[in-house]
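Encoded as structure tokens, the structure appears first; notes follow it.
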Amino acid sequence: MNVPRNISLYSLLASTIVLTACGSDSSDNHSTDIPSSSAFEICSDDSNTSLVSTGSELVFIVEQDYAVNRPGSITASIADQDSAGRTFLWQQISGPTLELASVNSPVLAFTPGSNDNYSFKVTVTGGSNNYEEIVSITADSADNILRVNHDHQMVANTDASLRIQNINGQVPTDISWCMYPNIDNVGFTSVDLTDTNRPLFNAPDVNSDQLISLKATATFDGQTISDDVHLLVTKETATPSNAYFTNPLARVYPYKADSAYADNLVNCTYSNQQVASCNILNELPFISQDSQPDPIDTIMDRVVVSHDWMGKSFETYLRAQTNNDFVELLQSVTAIIISYDIRPSFYSGYIGAIYIDPEYLWLTPAQRDTINETPDYRSNYGEELNYLSPYRYVKDNDYASEYIEKDNRINRTMENMSANFARLMYHELAHANDYYPQSIHATLQGPSLREEFDRRFASDDMTSRQLQMRYPLLSDEMYGLAEVNYAGESANSTQKAYTPSDVAEFFTNDLANDDYAYSSTREDVAMLFEEIMMSHRYGILRDIAITDKPDVQTSSTITVEWGQRGRVGQAELRDRASYVLGQMLPDINTQLVMDGLPEPVALVKGQTWAQNLVLTVDQSKSPQKVSNQSDSAVIDNRPLQFSGDQHAH
């Protein structure tokens, strides 16, 4: 039986396709992340998928053909019912083993690795009935195929992205996109095709689950090739006007289904139905208030994910640590949420949870495919200013972590992932311990964390408040620039006229280790703690610079006006840094750590950011090794990173 590719899932089992109500095309709830530059054109053909019936109400929507090394998918649906409130679990039961990165979704995405038959079992629970059915497909060989990543389920009104893979290291040309016509006339009205290799869009509002299919067409090696991608846009319960999270959120679930907190985790941390903080005594207390023989088991009981691999990678990372920092700092957290739609990472004082962008945790290309590439909403802040403030973490005169372009489909090791993730963890957990250090857990009154937050924020007891009272930052100019760079304020004429030299003078005459510190007192604490711990634990130093702002901005085109490697080790910053370290980790030997921080090394004014990667320094004062590499040999194709670009405050 064939049905149109873009179908209302309410009508799958009907002998005659019944029209369902059209989803609204309103953009009232669309995120401003996606420019509404265009909509997908309608494909001239009306392609079909195959519908596979089973002995129950559950049916499978399969593609007409599957090809070796081409991404494909199978969608499971129950007639006349939406998928909300149901749990899906896919297993491969025959064929060469495939990597399945989305086993808890109605849409099973996979890439056949050989010309073979494959069988999959899906178990669906929740609702009035449970189901367990098997479906089989066959993958055929094909040459010069287009590969689009990746088929998936997405909540109505959420942002999403797709990506076309390179073919033999080359980018296909003449890329175009269209959407197959569908019976409900549902489509994407907020679409950004600026980069046709990576379209961005916002899912439409729908009245029921809708399977919408797109086709990408391109030219490669003189041939016209195409691939289809299938997106299940799901209808969710309406968001109350007083909800904590008003933008639609991805579907998430407790990583450990048998966690004692499984019933509360999602509703208390990442739900559009959440309208109040949960009780911190009996619904979701801090991790310190619970214990198991294995402290990491206790932590994993509080993990919420959109994909299983995220929780597995997080746990593997924690168990690989040779120090106890993260286990200790996580005691001041109520939950850890890792979801493909979180960008940038952040901490919530109302909820006591940290929210992690999974870009830090992927280890395989298939895992990376599941992560939304929608840009950070702050990407365009500060465009009117006349300077840049890039940063990077370095070790042995090289970047501390490997950079893998998204088109480079190779695995990433835990070691290569570790430095970037450690930096994030120290930063976000500094926020948690600023608000709720373990020393106050025994005196928490509740009933919810919202009341504790208000009391804590109104007091002078927070580390961030005390830091500002004891060792204040004083540059009004830097505070004003932070409002532009990090809060989206418009730059005034004076700020637009500041030269890199002006900004360097403002910054270096004050006591911050990074200009993100001026965005809030909380970020001041987090930036200090992050840099201290990366130097102390890993021998990794942070570069910060003020540079010019040419039209083309790369590591090889921006020129350093001022910069330092390891600024947190500067003597003038010691009192501030020591205070923060002692508050975050009371049991650490603060004096020993601070004495061990290397003295800062100046970047070379007038050289490019790329040329300043390799610095010759006195090895007796720094863990950075001397290199004989010449400036001209430095090749740096990494995207620039800017202060605060991976955190929300």
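The values are calculated or read from the model by the stated rules, or taken from the named source; none is laboratory data. These figures come from a predicted structure and were not determined experimentally. Neighbour counts run over all protein chains shown; Cβ positions are idealised from the backbone, glycine included.
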inquiry  = Tell me whether region 68-77 contains one or more residues that are free of Cβ contacts under 8 Å to residues at least 40 places away in the same chain, buried (at least 20 other Cβ atoms within 10 Å of the Cβ) and not β-branched (Val, Ile, Thr).
reply    = no
task = Please work out if Lys625 is of a type outside the set (A, V, I, L, M, F, W, C) and either at pLDDT 95 or above or part of a helix (DSSP H, G or I) (or both).
result = no
ask   = Can you tell me how many residues in region 339-348 are closer than 15 Å to Gln274 by Cα and out of contact with any Ser or Thr (no Cβ under 9 Å at 6 or more places or on another chain)?
value = 0
task = Could you tell me which numbered condition Ser519 fails, if it satisfies all but one of (1) crowded, with 18+ Cβ neighbours inside 10 Å; (2) farther than 17 Å from Ile544 by Cα; (3) not aromatic (Phe, Trp, Tyr)?
result = (2)
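Of everything in region 111-163, what is of a type in the set (A, V, I, L, M) and over 17 Å from Arg70 (Cα atoms)? Give them in sequence order.
The answer is Val122, Val124, Ile134, Val135, Met154, Val155, Ala156, Ala160.
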message = Please verify whether Asp595 is at pLDDT 95 or above, surrounded by fewer than 19 Cβ atoms within 10 Å (Cβ to Cβ) and in a helix (DSSP H, G or I), treating the condition exactly as stated.
response = yes
inquiry  = Show the residue pairs meeting these rules: Cβ distance below 8 Å; 6+ apart or different chains; first residue within region 578-603 and in the same structural domain as Leu541 (by TED's automatic domain parsing) and without any contact (Cβ under 8 Å) to a residue 24 or more places away in the chain; second residue outside any helix (DSSP H, G or I) and not acidic (Asp, Glu).
reply    = Gly582/Ile588
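Quick one: which residue in Asp551, Asp575, Asp510 is part of a loop (DSSP other than H, G, I, E, B), on the phi < 0 side of the Ramachandran plot and surrounded by fewer than 17 Cβ atoms within 10 Å (Cβ to Cβ)?
Working: Asp575 fails: part of a loop (DSSP other than H, G, I, E, B); Asp510 fails: surrounded by fewer than 17 Cβ atoms within 10 Å (Cβ to Cβ).
Exactly one residue qualifies, and that residue is Asp551.
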message = Filter region 598-620 down to the residues that are part of a loop (DSSP other than H, G, I, E, B) and over 29 Å from Asn324 (Cα atoms) and list them by number.
response = Leu603, Val604, Lys605, Gly606, Gln607, Trp609, Ala610, Val614, Leu615, Thr616, Val617, Asp618
task = Give region 263-289 a look and list any residue that's in contact (Cβ under 8 Å) with a residue 24 or more places away in the chain and either among the hydroxyl-bearing types (Ser, Thr, Tyr) or farther than 16 Å from Glu452 by Cβ (or both), or say none.
result = Leu265, Val266, Thr269, Tyr270, Ser271, Asn272, Gln273, Gln274, Val275, Ser277, Ser288
Filter result for Ser176 (modelled with pLDDT of 95 or more and either out of contact with any Asp or Glu (no Cβ under 7 Å at 6 or more places or on another chain) or part of a loop (DSSP other than H, G, I, E, B) (or both)) = yes
